[in-house]
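For reference, the structure is listed below as structure tokens.
The values are calculated or read from the model by the stated rules, or taken from the named source; none is laboratory data. Predicted model only: the values in this text are computed from it and were never measured. No Cβ is skipped: glycine too gets one built from the backbone with ideal geometry, and neighbour counts run over all protein chains shown. Ligands, DNA and RNA are stripped out before the accessible areas are found, and what is left, the full protein with its side chains, is counted by its heavy atoms. Shrake-Rupley method; radii C 1.70, N 1.55, O 1.52, S 1.80 Å.
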Amino acid sequence: MSFESAITFFIAIFIFGITPGPGVFAILAKAMVEGPRRCFMLALGMTCSDIIYLTLACLGLATIAEHWSGLFTLIKWVGAAYLLWLGFKIFTSKPSLKDSTTLIARRSSLEFIQGFLISASNPKVILFYIAFLPTFMDLSSLDSRDIALAAGLTLMALMLGLLLIAYCAHWASKRLQSPTAMQRLNQCAGGIMMGAGVYLVSRS
């Protein structure tokens, strides 16, 4: 991969990362209530899942999306149920001006798993990478260094995009300081989270 291809690859992955979907919705909801720092492990989980798909695409394992459809279906339902539960908890939580932290997976390990499930539930991601990668590299002559470079660029681009969304969402939420506004914020964040769950389970 040339330097120019690497830059273009980075920009394309960044745009892909901020495209609206369940992951972006989950980041928005969490950032609005808990702040951008609490979104790091959530974003990292989603990014690690994407990197696994990227690696599989590089190795030419597109058939995994077809042969493991049952596993992907199970992951999709588990991830959707988790998002719905978290969204309901946020939606029904009482507003607090002193501490707006709610019940969105307080432990980092749970946040990471949540993010991983959200991204892993979409096997079409691997098909995207299979169609996307030949533009930037020759998949027939890949070596470990090429895969490591692509994975590193993907890690940086996705994390940058997701955390940028988190900071923007938090900046907007800080403008809401009254109890009524905080309650509406929780309801909005919970609604977004539940919407992400519905979208996750309803898409084909």
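So R145 clears everything in (1) part of a helix (DSSP H, G or I); (2) at pLDDT below 75; (3) among the basic types (K, R) except one condition, right? Which one?
So the condition that R145 fails would be (2).
Considering only region 14-68, how many residues are touching a Ser or Thr at 6+ places or on another chain (Cβ under 6 Å), among the hydrophobic types (A, V, I, L, M, F, W, C) and at pLDDT 85 or above?
Of the residues in region 14-68, 4 are touching a Ser or Thr at 6+ places or on another chain (Cβ under 6 Å), among the hydrophobic types (A, V, I, L, M, F, W, C) and at pLDDT 85 or above.
Taking only region 33-44 into account, find how many residues are crowded, with 24+ Cβ neighbours inside 10 Å and within 13 Å of G23 (Cα to Cα).
Of the residues in region 33-44, 3 are crowded, with 24+ Cβ neighbours inside 10 Å and within 13 Å of G23 (Cα to Cα).
Being part of a helix (DSSP H, G or I) and modelled with pLDDT of 70 or more is the requirement here; does L133 meet it?
On the way: part of a helix (DSSP H, G or I): yes; modelled with pLDDT of 70 or more: yes.
Considered against the rule, which asks whether it is part of a helix (DSSP H, G or I) and modelled with pLDDT of 70 or more, L133 comes out as yes.
Please enumerate the residues belonging to region 3-24 that are under 16 Å from Y167 (Cβ atoms) and open to solvent by 30 Å² or more (accessible area, probe 1.4 Å).
F14, I18 - these are the residues of region 3-24 that are under 16 Å from Y167 (Cβ atoms) and open to solvent by 30 Å² or more (accessible area, probe 1.4 Å).
Whether any residue in region 33-42 is of a type in the set (G, A, S) and assigned to a helix (DSSP H, G or I) is what I want to check.
First, the residues of region 33-42 that are of a type in the set (G, A, S): 35.
Checking the rest, the ones that are also assigned to a helix (DSSP H, G or I) come to none.
No: region 33-42 contains no residue that is of a type in the set (G, A, S) and assigned to a helix (DSSP H, G or I).
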